[in-house]
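Working notes for the structure below.
The values are calculated or read from the model by the stated rules, or taken from the named source; none is laboratory data. Computed from a prediction, not measured in an experiment: that's the story for all the values here. Reconstructed Cβ throughout: ideal geometry from the backbone, glycine too, with neighbour counts over all protein chains shown. Areas reflect the complete protein model, heavy atoms only, side chains present, ligands, DNA and RNA absent. Shrake-Rupley method; radii C 1.70, N 1.55, O 1.52, S 1.80 Å.
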Amino acid sequence: MKKFLMVLFLLILAIAAILIAARHPTGPNTVSYDEPLGLWLSIGMAVILFLPGLILALFKNRTANIIFIVFQAIVAIAFLGMVPIGFIIQKSIGVSVVAILGVLISIACIVITARSSLKREVKL
């Protein structure tokens, strides 16, 4: 259940990053509040991309845990890629803060999943 709640919190952080980025659009092809359809499509895409992680978080077998760890590593890399954006664009430091939180939570989720897999494997 911890893994599911962490992935759900990561989804909320991803949606928060989209909403913060929409507040300060950098060009005509970025998400903004002026085009609500594009904003809803971005949020919907984030939800769809997190669905496999939410489903995998419910399983407890070894194969699902390995796939879940790979999924979380990809999520961590994606959040890590968002960190420099807040430093490059002056008005969106909030995106960097959300991205750093996302990286930390994703790494914590990887550690929790790996430890629970190892704990079950070492039974005597």
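Here are the numbers for this structure:
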quantity	calculated
Number of positions in the range 1-17 that are at pLDDT below 90 and either over 30 Å from N61 (Cα atoms) or open to solvent by less than 30 Å² (accessible area, probe 1.4 Å) (or both)	2
Residue, farthest from K2 (Cα to Cα), within the range 78-103, restricted to residues that are open to solvent by 90 Å² or more (accessible area, probe 1.4 Å), in contact with a helix residue (DSSP H, G or I) (Cβ under 9 Å, 6 or more places away or on another chain) and in a helix (DSSP H, G or I)	F87
When residues of the range 21-55 are limited to those that are open to solvent by 30 Å² or more (accessible area, probe 1.4 Å) and β-branched (V, I, T), the one farthest from I88 (Cα to Cα)	I55
Residues that are closer than 15 Å to G86 by Cα and in contact (Cβ under 8 Å) with a residue 40 or more places away in the chain, drawn from the range 24-54	H24, T26
Residue list for the range 67-77, restricted to those being open to solvent by 40 Å² or more (accessible area, probe 1.4 Å) and free of Cβ contacts under 8 Å to residues at least 24 places away in the same chain	I67, V70, I74, I77
